[in-house]
Each structure stands twice: as structure tokens, then as C-alpha cells.
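These notes concern the structure reproduced below.
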Amino acid sequence: MATKLPTPPRVGMVSLGCPKNLVDSERILTQLRADGYQMSPDYAGADVVLVNTCGFLDSAKEESLEAIGEAIKENGRVIVTGCMGKEAEAIRTRFPDVLAITGAHEYEQVVEAVHAAAPANLSPYIDLIPDAGLKLTPRHYSYLKISEGCNHRCSFCIIPSLRGDLVSRRPDAILREAEKLVAAGTRELLVISQDTSAYGIDIRKEPRMWKGQEIVPHMTDLARELGKIAPWVRLHYVYPYPHVDQVIPLMAEGLVLPYLDIPFQHAAPSVLKRMKRPGNDAKVLQRIHQWRDICPDIAIRSTFVVGFPGETEEDFEYLLDWLDEAQLDRVGAFRFEPVEGAAANALPDHVPEAVKEERYARIMEKTAAISAAKLAAKVGRTLPVIIDAVDEEGGATGRSQADAPEIDGEVFLRDAGHLSVGDIVKVEIEDADEHDLYGVPVTGNA
């Protein structure tokens, strides 16, 4: 008689917040899959639902609470994890039926809670998990988390209180994970952490052996080795420490994508001081010019906060002038929002909401014009593009080396029906707008 395999319990996942949270969700699901669970794409088919919350801003907290409420309404058996886990009492007051609550990157506790809520039926006949783990991103790109936590104490941020001080992963473990991801089909690695440029400062005296050579836990050394593994390596959340200059030659060599995601947050010295942010705006501008001398195609993305307490019209004008000089390729802006537990809440001279809105509109107008001009200059050039989607009408959507998924622009292609997702092809750029490029694959692409 044939062995009848038990039906494995099914887990649903709602993952909110930043890419770092997405990586946490992938790790949790990978472990659960190894433990014999299957994934459910909807509430109805799940034996238990995990909600991985974000608690960075009050608006993110409200979104997390709404997601918890929806999961309880649609399924009823809910486990909460992530940054809002530190507010367990508030969550239980609003949702007393939640099965369990755990904090950020408490993987073992989440898995234990799932085991208790929906015990697995393990079977030796089932190959439980692909070697690279389970991914929530498309197969051709993967987020690679290199550290957790942050040593900065920016006045507007509560991440250190949620995730603790910097804890770097071993370089050999990171490189091993990267190899598995690439072997499973990843073409682009997106390196993330709370502070990528601080990677290794806590384990600087702990080099590891990798393929017969010693690897120092340092951003530059790690980036160089990752560049030998994946076709594209993109660096996110980089603070402009002096040693970041050492990565630019790797970009010029083609080992790392010519792309830096640097959260400058502001430019006016008085605002940066109140934010408790390191930064010398004039020196940063000088370094940006030097980076472009070494690697002319480097794309710099950043985020800025407008309406920070005490920000004057003069401060804001200073920021706009700085942006004119910096000519950043991609910019995101946020209106200052008080977050419970952030030191900035106690600062005097909060900016009225109407003024925040007006400044937000002005900075977006400024950066859109800069982006439009920089993209227009690419018309007529041939650029490498990674394909994210191919449609039935012969079109395709991809990204240039200057575009990270979901946060930057896209490249829309015609006559591209022969391409496949994950292909990296040469594209002749025919047109541009404020955010996106339009082009056609160059004849001879695979």
C-alpha cells in the first residue's frame, strides 16, 4: 500500500515595511518550509497568518495595525512579529485574539509560535526547501542583508531602540548566501542593512577564510567579493564615511553597479545638527564631484526630510541650492512625522503642516526637473538593462543600472517579446520623461 503523506499546515504572510523586513520574512518562511509547512497565498487557505509589522513612523504603525485587524477578520489565527513587537501591550489591547507577538528579527520565537499554533507533520519523503531558501522577491533579484541594527542615534529615528546596535554577519556566511542565491537564478544582489558602510566595525578583528583567502569584514572587501559572484551588485543605505571613496573604483571597474543609495536627509548644517546627523555639506559636494570624475556613470539616490523641527525657510532654500549643485539622480522626500520614542519630538519650533506640504511640493518639483534633465541626456545612448517583466504584446519592462526595484524609475522597451525575465541586455534609449526611460533592445542581444 502506498504511503499517504500527511497534509502540511499552511502559513500566510503579510510583510510590511522596508526591504530589511522583507528579508526577515524570507528567513522566517525559509525556516518554516524546512520544518514542513506550506505557504498560503490567501487568508482562506492559511492555518495561521504571520503579520511582519513596521514601526518606523506613526503612519507605518497604523498600516500595521490595519493589517493585523484585516488578518484577524479574514482568518482569525494571527501571529504578529517585527518592529511593532515592542508594543505588544498596545497590540493586545486592540486585538486580544492575537495568538503571539514577537519583536524584530526574533526568528526562533516566531517559528516556535507557529509550531504551537499549527503543529507540522514532518515527512521524510518530501524535499522541504530549495537550497537558496524561499524568496518573496522575483527570482532574478534578491535582497542580501549584511548586518542588523545601527550605532547612530539620529534624533528622528527609533531603529536602534527597535533593532539594537550594529551586529554584522560573518563575511563568509554572506558570500555563501550570495552564491546560493545566484545558483538559484539571482542576477542582481541588493545589499541592505541599517548602515551598510559601517559593516564589520564590530567584528573588524575577525577575518574569515573564503575560497582559500582571508576576507576582512569591511564594506569594500565584501563588495569586491560579491562582485565576483553576481552579475549586478547594488549598494543601499550607505552613509558617506570617508572609506566609501574606496568603493568607487570598484564601480569604475564594473565589479559593483555605479549606484549609491545615501540617506543624506538634509544639507543645512543647523538642521543636520538637530538631527544628530554627521555631515559636512561642502565636503560631501566635493566628494560627489570626485566620485563622478572616477566613475562618470555613477547614479546617486538619496532621501530628505522636510519640515524637521526648527527648519527655517533659509534652511530649506539652502537644501534646494545644495540639490542644484549636487545634481542627484534619484531623490525621495518625506514630511517630518513625529514618531513615539524619537528625541526629535521634544525639539522646539515644530513646522506647521501647511508649510511642510508646501516645502514637500517644492522639493519634489526641484528634483523632478533635475531627474528629467539627467534622463534626457541618456537619450541616444546604449545602456545595460535588466528585464523585470515581458508582456504578451511584445513589450518589456526593465531597469538600468541607475534604477533599484520599486523605488527608482524603469525602462520601457518595445520589440522585446523575445526577452526573458532576468535577462541583462543592451538597450538603445529613444526617449525619456521625469522618471523613466524608453528604448529598444539592440540587435544581437541574446
- Under-29-angstrom lysine pairs by C-alpha in the range 263-415, whenever the two are 8 or more apart or on separate chains: 13
- When the accessible area of the chain is split by element with a 1.4 Å probe, what percent falls to carbon and sulfur? 52
- Counting only the heavy atoms of the protein chains, how much of PHE156 is accessible to a 1.4 Å probe, in Å² to the nearest 10? 30
- Message: With a 1.4 Å probe and all protein chains left in place, how much accessible area per residue does the chain have, in Å²?
- Response: 44
- Message: Could you tell me the center-to-center distance, by alpha carbons, between the range 75-98 and the range 363-423 in angstrom?
- Response: 40
- Where a Cα-Cα gap under 30 Å defines reach, which lysines qualify for LYS211, not counting those fewer than 8 residues away within the same chain? LYS20, LYS135, LYS145, LYS180, LYS228
- Only Lys, Arg, Asp and Glu count, each charged at its Cβ (+1, +1, -1, -1), so figure out the dipole size of the chain about its Cα centre, rounded to 20 debye. 1460
- Interchain or sequence-distant (5+) residues whose placed amide H lies within less than 5 Å of the amide H of LEU144 are LEU190, VAL191, ILE192
- Item | Other-chain or far-sequence residues with amide H under 5 Å of ARG335's (modelled H) | VAL306
- Query: Rounded to the nearest 0.05, what FRET efficiency do GLU214 and ALA183 have when you use their Cβ-Cβ distance and R0 = 41 Å?
  - Reply: 0.95
- Message: At a threshold of 8 angstrom on Cα-Cα distance, excluding pairs fewer than six apart, so keeping six or more, what relative contact order does the chain reach in percent?
- Response: 10
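Ranked by accessible surface with a 1.4 Å probe, highest first, in what order do ARG10, ARG33 come?
Ranked from most to least accessible, the order is ARG10, ARG33.
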- Go through the range 21-28 residue by residue and turn each phi into a ³J(HN,Hα) via Karplus (6.51, -1.76, 1.60, θ = phi - 60°); whole Hz please, and just put x for glycine and proline. 5, 4, 5, 4, 4, 5, 5, 4
- Task: Taking 7 Å along the Cα-to-C-beta vector as the label spot, tell me the GLU392-ASP42 distance in nanometres, rounded to one decimal.
- Result: 2.1
- Task: Provide the FRET efficiency to the nearest 0.05 for the LEU347-ALA369 pair, computing r from the beta carbons and using R0 = 22 Å.
- Result: 0.10
- Report the Cys residues of the chain lacking a disulfide-compatible partner, meaning no second Cys Cβ under 4.7 Å from their Cβ. CYS18, CYS54, CYS83, CYS150, CYS295
- Task: Name the long-range amide H neighbours of ALA299: under 5 Å, sequence gap of 5 or more, or other chain; modelled H, no Pro or chain starts.
- Result: TYR259, LEU260
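Out of the range 236-342, which GluC sites (Glu not before Pro) are coil in DSSP terms and have no more than 15 other C-beta atoms within 10 Å?
Working: sites: GLU253, GLU311, GLU313, GLU314, GLU317, GLU325, GLU340; in loops: GLU311, GLU340.
Those that pass, being in a loop and sparsely packed, are GLU340.
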- Describe numerically, in nm with one decimal, the distance between label points set 7 Å from Cα along Cα→Cβ at GLU89 and at GLU314. 4.4
- Item | Long-range Cα-Cα pairs in the chain (distance over 31 Å), rounded percent | 47
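Can you tell me the order of 217-227, 242-252 when each peptide is scored by its average per-residue count of other Cβ atoms within 10 angstrom, highest first?
Most protected by this proxy first, the peptides run 217-227, 242-252.
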- Extending each Cα 7 Å along its Cβ direction at VAL355 and HIS243, get the distance between those two points in nm, one decimal. 4.0
- Query: Ignoring ligands and nucleic acids, what accessible area does TYR318 show with a 1.4 Å probe (Å², nearest 10)?
  - Reply: 90
- Message: With n ≥ 4 as the cut-off for DSSP H runs, can you work out [θ] at 222 nm for the chain, using -39500 (n - 2.57) per run divided by the number of residues, rounded to the nearest 500?
- Response: -10000 deg cm²/dmol
- Please give the solvent-accessible surface of MET364 in Å², to the nearest 10, using a probe radius of 1.4 Å with every protein chain present. 60
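The values are calculated or read from the model by the stated rules, or taken from the named source; none is laboratory data. Just so we're clear, the structure is a prediction, and the values are computed from it rather than from any experiment. Don't worry about glycine lacking a Cβ; one is built from the backbone with ideal geometry, like all the others, and counts go over all protein chains shown. Note: areas computed on protein heavy atoms with side chains; ligands, DNA, RNA excluded. Shrake-Rupley method; radii C 1.70, N 1.55, O 1.52, S 1.80 Å.
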